[in-house]
Each structure stands twice: as structure tokens, then as C-alpha cells.
Amino acid sequence: MSYSHDAILTAQHERIAQDQAIAVAQLEAARMSEDPDATNAAAQRILELDAQQQALAARAQQFARAQQSQPQGSQYGLSPEEVEIARISGLTEEQYLQNRRRMEAMKGQGYWSQGSVKR
């Protein structure tokens, strides 16, 4: 089963938040026990997690921008790819749909086979 981008981003955010809570607790415990090595290690871990959190936030923003910029199809039920093909071909979406339906009918009647018309 594949995971959605939202689920992956959410899971990573939760993991980082949990790791940050642990690192803060370790930092406080090390400070209270006056252990300089453990204090520095915990502080370093907090900085690493902060960097991970910033990188994840940047990825989330990048993903959100990509989702917003994707064409959403058309009123004729064409996929974003078909809308783009129609645009490049100089056809309206309605003209593209009519041509596609014509081609599908020809295929159904046996007149169209792998890009060539049978006579």
C-alpha cells in the first residue's frame, strides 16, 4: 500500500516532534546532573532536529505549491494531460473531445488500429 504525500509529511513531523521532546528532556537531565558531554550531545541533537524540521517544512511548502499549480482537468472531463494536448494542438477542449470520441467509435467499429485507418 502506498502512502500519500500528506501522510508521509505528517508522520515525519510527528517523529521529529517526538524526538525533539526526548532531546529536550535529555538536555535538561544532563544539565541538572552537570554532565558536559551529555549536555552538548543533547544540544547538538536538538539543532539537528531543528534543521530536519526546517527541511520538512520546506518540502511541505514545495509539495503544496506543486499541488496548487497542477491543472485540474476540464469541464469536459478531460485529464490535465488531455487539456495540454488540446492546447498544443490548437484545439478547444470540446474539439479535442469530439475527435477523441470519433476515434473511439472508429476503434469500436474496427476502422482504427494502432494509429492507422483501415479502409
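Laboratory data are not the source of any read-out in this text; all were calculated from the coordinates shown. Treat the numbers as computed from the prediction; the structure is a model and nothing was measured. Don't worry about glycine lacking a Cβ; one is built from the backbone with ideal geometry, like all the others, and counts go over all protein chains shown.
Among what's in the stretch 25-40 and is surrounded by 15 or more Cβ atoms within 10 Å (Cβ to Cβ) and not polar (S, T, N, Q), pick the residue that is farthest from A55 (Cα to Cα). Filtering first and then ranking leaves A30.
Filtering the stretch 72-84 to residues that are surrounded by 14 or more Cβ atoms within 10 Å (Cβ to Cβ) and in a helix (DSSP H, G or I) leaves E82, V83. Could you please find all residues in the stretch 33-49 being of a type outside the set (A, V, I, L, M, F, W, C), touching a helix residue (DSSP H, G or I) at 6+ places or on another chain (Cβ under 8 Å) and closer than 27 Å to T10 by Cβ? Hit for the stretch 33-49 is R45, nothing else. Within the stretch 18-49, the residues that satisfy the criterion of being without any contact (Cβ under 8 Å) to a residue 12 or more places away in the chain and under 30 Å from Q61 (Cβ atoms) are Q18, A21, I22, A25, Q44, L47, E48. Taking the criterion of being among the hydroxyl-bearing types (S, T, Y) and over 40 Å from the mean Cα position of the chain (by Cα), the only residue of the stretch 19-41 that qualifies is S33.
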